[in-house]
């Protein structure tokens, strides 16, 4: 009798056509797209971490919801994050998560996570272009615009 090995499959289906998708040229472009993708009924209830996947021309390949947590945090497994990025052959990413409180200042945990992801991305030749914190009202904080990246 053979033992079955549990397989973990990461499925990704591109929801946006790259040829028809917008290019991201600023944090404002990314924030508008991401906020439009957030569930307005839950953005003020719990934190969600999403990755905006980009090709070499900064055209959007897709948005992947990586994790959903509680009111004050969510767990981000960077191994899963990079599995998604590598499987989709993305060369650039924009990290994002919401703060249900509406507070836009990054926490110490936000800053540490961003640095950790950026360091890992450099080893894989993937560009981390920004990390956005989105508030329920659509306002945002950009790590890149504020020199925190």
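Structural remarks
- Gained length - residue 89 relative to residue 101, 0.36 nm times residue gap less alpha-carbon distance: 0.9 nm
- Computed from Cα atoms, the angle from the helix 108-123 axis to the main principal axis of the chain rounds to 50 degrees.
- Efficiency of FRET from Cβ geometry, residue 45 and residue 119, R₀ 22 Å, rounded to 0.05: 0.10
- Helix 27-37 axis, angle to the chain major axis (alpha carbon atoms, nearest 10°): 70 degrees
- Averaging Cα coordinates gives a centre for the stretch 82-149 and one for the stretch 17-73; these two points are 10 Å apart.
- Per-pair calculated FRET efficiency, R0 = 25 Å: residue 71 and residue 23 via Cβ, rounded to 0.05: 0.15
- Of all DSSP bridge pairs formed entirely within the chain, close to 70 percent run antiparallel.
- Label sites at residue 112 and residue 127, each approximated as a point 7 angstrom past Cα along Cα to Cβ, lie 3.0 nm apart.
- Label positions at residue 145 and residue 78, each projected 7 Å from the Cα along the C-beta direction, are separated by 2.6 nm.
- Note on the chain: helix-only mean residue ellipticity at 222 nm, from DSSP H runs of 4+ residues weighted -39500 (n - 2.57) and normalised by residue number, equals -8000 deg cm²/dmol.
Coordinate-derived values only; no laboratory data. The shown structure was predicted, so the numbers you read here are calculated from the model rather than taken from an experiment. Every residue, glycine as well, gets a Cβ built from its backbone with ideal geometry; the counts of neighbours run over all protein chains shown.
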